[in-house]
């Protein structure tokens with residue numbers, strides 16, 4: 001019987017291994033999110049129909065050759081709406097998260113560096129914000145200022161920076177005890193230089209892993225607000241809004257709810273896997 005040599009077997013097995021030092025969740029999550037992001041970017045150009053075009057004669061049609069996923073209650077092509085329905089939610093989640101990270105890291109580093117009454121005041125504000133759910137604050141602000149992308153981003157940012165500030169402060173307290181920080185102080189470096197030259201690079205990587213984990217949470221929060229009618233407004237296509245408008249037709253056309261729900265789930269899952277992969281890679 002012919003047998004492969006050990007070197008050939010080792011070569012074949014290497015083909016199925018992930019890059020050294022990278023967890024499988026990071027590789028799979030990055031691949032999934034890259035595919036989803038690409039589809040969302042090119043969605044308006046590859047969509048077979050205009051996602052807003054209505055045709056009541058074709059309403060609630062099952063999947064067929066003309067409409068691969070069928071049509072919704074207004075005769076709009078479901079595939080076209082899926083390809084374009086995640087742009088607003090993903091964009092709002094990304095912008096909100098970037099603002100939260102920038103504000104949170106800055107306040108956390110300043111709090112740890114300043115100490116005293118300023119540190120105590122900032123941390124009590126963080127504790128107060130963490131005691132309220134994101135959705136409650138967002139609903140309160142939307143009820144006051146009305147619906148709109150700006151209101152949605154501001155409301156989610158107002159409370160969203162608190163966890164990043166708490167994490168950045170904890171990391172900065174440890175970094176401030178290092179010898180190179182003391183050396184920079186002895187050399188007369190300005191506090192702003194120490195923060196952004198020595199503290200920020202060491203804080204950013206752990207925060208980056210948490211950022212991806214929080215992205216899925218932001219996406220679901222934006223989707224929940226849209227589902228309640230407080231987020232993206234018609235006639236714009238949105239996954240959560242599609243689920244809300246199709247729930248009365250679930251028994252007749254379940255794909256109207258399953259398809260956008262699956263899109264939200266896969267997007268949140270892919271980004272969460274990226275965060276988990278970065279976290280596990282950091283611990284190795």
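The values are calculated or read from the model by the stated rules, or taken from the named source; none is laboratory data. On a predicted model such as this, the values are computed, not experimentally measured, just so you know. With ideal geometry, Cβ positions are generated from the backbone for all residues, glycine too; neighbour counts draw on all protein chains shown.
If the condition is being closer than 22 Å to residue 33 by Cβ, buried (at least 16 other Cβ atoms within 10 Å of the Cβ) and without any contact (Cβ under 8 Å) to a residue 60 or more places away in the chain, then the stretch 242-263 contributes 243, 261. Residues of the stretch 175-210 that are out of contact with any helix residue (DSSP H, G or I) (no Cβ under 9 Å at 6 or more places or on another chain) and either outside any loop (DSSP other than H, G, I, E, B) or under 19 Å from residue 119 (Cα atoms) (or both): 177, 179, 182, 183, 186, 192, 201. Contact map, the stretch 121-150: residues that are at negative phi and outside any helix (DSSP H, G or I) paired with residues that are surrounded by 14 or more Cβ atoms within 10 Å (Cβ to Cβ) and at pLDDT 80 or above, Cβ distance under 8 Å, separation 6+ or inter-chain. Pairs shown: 132/159. Among the helices (runs of 4 or more DSSP H) confined to the stretch 1-99, the ones with at least 1 residues that are modelled with pLDDT of 85 or more are located at 24-46, 78-84.
Determine if the stretch 264-275 includes at least one residue that is on the phi < 0 side of the Ramachandran plot and at pLDDT below 85. The answer is yes, given that some residue of the stretch 264-275 is on the phi < 0 side of the Ramachandran plot and at pLDDT below 85. One residue alone among 206, 234 is more than 15 Å from the chain's Cα centre (by Cα) and farther than 20 Å from residue 26 by Cα, and that residue is 234.
Considering the stretch 56-68, and only residues there that are without any contact (Cβ under 8 Å) to a residue 40 or more places away in the chain and surrounded by 14 or more Cβ atoms within 10 Å (Cβ to Cβ), the residue that is farthest from the chain's Cα centre (by Cα) turns out to be 58. If you filter the stretch 215-226 down to residues that are surrounded by fewer than 21 Cβ atoms within 10 Å (Cβ to Cβ) and touching a helix residue (DSSP H, G or I) at 6+ places or on another chain (Cβ under 7 Å), you find that the one that is nearest to residue 279 (Cα to Cα) is 220.
Within the stretch 42-65, can you find the residues that are touching a helix residue (DSSP H, G or I) at 6+ places or on another chain (Cβ under 8 Å) and under 15 Å from residue 85 (Cβ atoms)? Listed by number, the residues that qualify are 43, 44, 46, 47, 48, 49, 50, 51. Of all residues in the stretch 74-97, exactly one satisfies the criterion of being touching a residue at least 40 places away in the same chain (Cβ under 8 Å) and in contact with a strand residue (DSSP E or B) (Cβ under 9 Å, 6 or more places away or on another chain), namely 78.
Looking across the stretch 182-214, the residues that are crowded, with 17+ Cβ neighbours inside 10 Å and either without any contact (Cβ under 8 Å) to a residue 60 or more places away in the chain or in contact with a strand residue (DSSP E or B) (Cβ under 9 Å, 6 or more places away or on another chain) (or both) come down to 184, 198.
Is it fair to say residue 71 is without any contact (Cβ under 8 Å) to a residue 40 or more places away in the chain and out of contact with any strand residue (DSSP E or B) (no Cβ under 7 Å at 6 or more places or on another chain)? Spelling it out, it is not the case that residue 71 is without any contact (Cβ under 8 Å) to a residue 40 or more places away in the chain and out of contact with any strand residue (DSSP E or B) (no Cβ under 7 Å at 6 or more places or on another chain).
For first residues located in the stretch 31-52 and without any contact (Cβ under 8 Å) to a residue 12 or more places away in the chain and at positive phi, partners that are outside any helix (DSSP H, G or I) and surrounded by fewer than 14 Cβ atoms within 10 Å (Cβ to Cβ) and lie 6+ apart or on another chain with Cβ distances below 8 Å do not occur.
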